[in-house]
Amino acid sequence: MPELPEVEVVRAGLEPAVSGALITGVEVFDTRSLKRHSALEGRFESLLEGRRMLAAVRRGKFLWFPLSVGETPGAQALVAHLGMSGQVLLRTPGTAEEGLLRIRLQIEHPEHGEFWVNFVDQRIFGSMAVDRLVPTADGAAGGYSGFDGGRMLGDALALVPGQVAHIARDPLDPAFDEKTFLAALARKRTGIKRALLDQTLISGIGNIYADESLWAARVHYEHPADRLPRARARELLTEVRLVLEKALAEGGTSFDAQYVNVNGASGYFSHCLNAYGQQGKPCPRCGTPIVREAFMNRSSHLCPRCQRPFRARATRAGAVAPVTPA
């Protein structure tokens, strides 16, 4: 499933074309791609035609485009979730689409002209929906919406789509609260990788970048989250950010034709992976072969030497204290 870097690459590619663009037409070729759209909001096509998209915003793996009412911001947004295989592609009008086209938006930008925004989805796990915007719980900007001289910006509106409101902020979000995250992590009675994959705790991290971050921090994926010392947790969070930023610089991770940017091009971070998918290859740090182990109906990849399992030892009072692997 696309993770934060892959979704951010799509958001950044769409931003200049859709920000301020008028939606002149909407075609739905497969209503299964509207499964997250509530009929109570109104007919999908009617809610979009004649309105402007004001920005391209992301929180974790969700994308949304605030919609105008006349010339002012409205209370709704077009939400896109890529699921397993969804793609949002920019096309010149008249271009034939080779993939399984589910939805098409015809847009007109005041500076860049006309485009088609094609939602292509092979497995139909992704979707588009028009959703109501609600105030953010922390009063900060709804999500991430671009750079200004290398500085990350949040969306000017402190609003988020209702179906995204339960998603935690991601570690690259300017409004991400590190203290709150570390405190919540210390209360998690689960393995550290499960915690990293919990989108209500921290968003945007999937299997690939969890494995890469844990390898970088030398933490075993089953290490109890509530037994991870605060200093190690901070180190892990630092590695998570570094891994995500490096993946962003490489355009994300592409293993097949499903992981592409808005122009259909693949990312190159797969060439930089240290643990994920590297089973049998030597660990770049110590030379021990990377192993692959079953985890939550998927896999975890790790170095058995650098990332040793958590062990507990009994204290004099009979309590259990963590033993930090060498």
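The values are calculated or read from the model by the stated rules, or taken from the named source; none is laboratory data. Note that the structure is a prediction, hence the values are computed from the model and not measured. Neighbour counts run over all protein chains shown; Cβ positions are idealised from the backbone, glycine included. Surface areas here come from the heavy atoms of the whole protein model, side chains and all, with no ligands, DNA or RNA. Shrake-Rupley method; radii C 1.70, N 1.55, O 1.52, S 1.80 Å.
Given Asp138, Asp121, Asp173, which one is of a type in the set (D, E, K, R) and not assigned by TED's automatic domain parsing to the domain that holds Ala56?
Asp173
Which condition number does Glu41 fail, the rest of (1) within 12 Å of the chain's Cα centre (by Cα); (2) open to solvent by 10 Å² or more (accessible area, probe 1.4 Å) being met?
(1)
Within the group Val243, Val260, which residue is within 18 Å of Ile208 (Cα to Cα), modelled with pLDDT of 90 or more, surrounded by 21 or more Cβ atoms within 10 Å (Cβ to Cβ) and not polar (S, T, N, Q)?
After ruling out the rest, the residue left standing is Val243.
Of the numbered conditions (1) assigned to a strand (DSSP E or B); (2) out of contact with any Leu (no Cβ under 6 Å at 6 or more places or on another chain); (3) farther than 17 Å from Ala158 by Cβ, Val26 satisfies every one except a single condition; which is it?
All conditions are met except number (2).
Against the condition in the same structural domain as Lys246 (by TED's automatic domain parsing), buried (at least 17 other Cβ atoms within 10 Å of the Cβ) and more than 23 Å from Ala137 (Cβ to Cβ), how does Arg218 come out, does it pass?
Yes.
Among the residues of region 27-76, count how many are within 17 Å of Gln87 (Cα to Cα) and aliphatic (A, V, I, L, M).
Going through region 27-76 one residue at a time, the tally reaches 5.
Open to solvent by less than 10 Å² (accessible area, probe 1.4 Å), within 28 Å of Ile205 (Cα to Cα), within 20 Å of the chain's Cα centre (by Cα) and not assigned by TED's automatic domain parsing to the domain that holds Leu248: which single residue out of Val9, Val57 fits that description?
From the options Val9, Val57, the qualifying one is Val57.
Please enumerate the residues belonging to region 221-240 that are among the charged types (D, E, K, R), over 21 Å from the mean Cα position of the chain (by Cα) and surrounded by 17 or more Cβ atoms within 10 Å (Cβ to Cβ).
The answer is Glu222, Arg227, Arg232.
Being part of a strand (DSSP E or B), within 19 Å of Val28 (Cβ to Cβ), in contact with a Pro (Cβ under 6 Å, 6 or more places away or on another chain) and touching a residue at least 12 places away in the same chain (Cβ under 8 Å) narrows it down to one residue among Ala129, Ala77; which is it?
Every option except Ala77 fails the conditions.
Among the residues of region 90-112, count how many are touching a Phe, Trp or Tyr at 6+ places or on another chain (Cβ under 8 Å) and either farther than 19 Å from Leu78 by Cβ or basic (Lys, Arg) (or both).
6
Looking at region 140-153, can you tell me whether even one residue there is of a type in the set (A, V, I, L, M) and modelled with pLDDT of 90 or more?
For region 140-153, residues of a type in the set (A, V, I, L, M) and modelled with pLDDT of 90 or more: present.
Across region 169-187, what is the total count of residues that are in contact with a helix residue (DSSP H, G or I) (Cβ under 9 Å, 6 or more places away or on another chain), within 21 Å of Ala141 (Cα to Cα) and assigned to a loop (DSSP other than H, G, I, E, B)?
Selection size over region 169-187: 4.
Open to solvent by less than 30 Å² (accessible area, probe 1.4 Å) and either among the aromatic types (Phe, Trp, Tyr) or within 30 Å of Leu201 (Cα to Cα) (or both): which single residue out of Phe62, Phe29 fits that description?
After ruling out the rest, the residue left standing is Phe62.
Which one of Asp131, Asp173, Asp121 is within 16 Å of the chain's Cα centre (by Cα) and either over 24 Å from Asp198 (Cβ atoms) or open to solvent by less than 50 Å² (accessible area, probe 1.4 Å) (or both)?
Residue meeting the stated conditions: Asp173.
Residue check: is Ala158 open to solvent by 30 Å² or more (accessible area, probe 1.4 Å) and outside the structural domain of Pro309 (by TED's automatic domain parsing)?
yes
Of the residues in region 77-90, how many are open to solvent by 20 Å² or more (accessible area, probe 1.4 Å) and over 17 Å from Ala56 (Cα atoms)?
Number satisfying all stated conditions: 1.
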